[in-house]
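The values are calculated or read from the model by the stated rules, or taken from the named source; none is laboratory data. All values reported here derive from a predicted model rather than from experimental measurement. As a convention, Cβ positions derive from the backbone with ideal geometry for all residues, glycine included, and neighbour counts pool all protein chains shown.
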Amino acid sequence: MIVRGSIIIRYLIHFSFSLLLVFIPQVFAQEEESSCISCHREMGGDLAKPIELWHESIHKKNVISCHNCHGGNSKVQDMDAMNPEAGFVGSPKEEDVPKFCGKCHVAVMENYIKSPHWQTKKEKHPVCTTCHTAHHQQRATLELINEKDCSRCHTYERARKIRFVMEETEGSLVQLDERIEKLRGEGFNTQRLGDALFANRNEFHRLTHVLSVDLIIDRTETIRGDIKKVEKSVGSDEATIKRRKIGGAILIAFLFISAFIIHIYRKTLP
């Protein structure tokens, strides 16, 4: 028995060591840094500033790097990284920024070009980077609509109305996001709920770019209906968790009482 036990232990050690060889490199492997980042960082000064800002952005968090917007070959460590044949487009002119960002944010761009921001005849009309910046983009929230920023170009009156009519729905989105995150922490597969809420939030936030209070009020009613469907599903999963916890508590109590009764019974035996 001792020999057999030592053999089993030896196999377990070898198996554990094999797992470590497989998983440790994956855990400690670092993402290969693009040539854009390393080169701009080395040059320093104003050329390195976009890298510093990008590191704190929502783009970085979502693994969107320089070449995803500006093109080029991010694996080449020389000037060929900016070869037009590799799709390099560089920085757009200000009037081309909406089209540049619209490569990914298609629906936002479609709403934006309907707005006074785009249709104004002023030479310096606002573009995406006016409000969202070029490299320090953050997650879109109603905090982007504020008197300090909006009043740089015009009065805050219309923006205030837009924020007011959107605040209740925004609050629902934030609360639902927190509830879904809590469900995920409880072990639920929340992919479907998260995707549905993401779609609702995106559709809702896109409305701000039209700058029409009436349109926002009209479309918000429909979006709130979709949000309520997600909320109903979240509530159902939360009820399931509650039932599981109650069932678990009852089971533990039953086992404890059973163990106590058995203990008392055994003490009465001769």
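The figures follow:
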item: Whichever residue in the range 129-140 is free of Cβ contacts under 8 Å to residues at least 40 places away in the same chain and out of contact with any Lys or Arg (no Cβ under 9 Å at 6 or more places or on another chain) and, among such residues, is nearest to L211 (Cα to Cα); result: C131
item: Test for F188: is it part of a helix (DSSP H, G or I) and among the aromatic types (F, W, Y); result: no
item: Only listed residue being surrounded by 13 or more Cβ atoms within 10 Å (Cβ to Cβ) and among the aromatic types (F, W, Y), chosen from Y156, Y265; result: Y156
item: Candidates E157, E238, E181, filtered to the one that is within 22 Å of W118 (Cβ to Cβ) and modelled with pLDDT of 90 or more; result: E157
item: Failed item in (1) exposed (fewer than 15 other Cβ atoms within 10 Å of the Cβ); (2) within 22 Å of the chain's Cα centre (by Cα); (3) not hydrophobic (A, V, I, L, M, F, W, C), with G102 passing the rest; result: (1)
item: Tally of residues being more than 25 Å from the chain's Cα centre (by Cα) and in a helix (DSSP H, G or I) across the range 120-172; result: 8
item: I241 being in contact with a Gly (Cβ under 7 Å, 6 or more places away or on another chain), on the phi < 0 side of the Ramachandran plot and either in a helix (DSSP H, G or I) or not assigned by TED's automatic domain parsing to the domain that holds P116 (or both); result: no
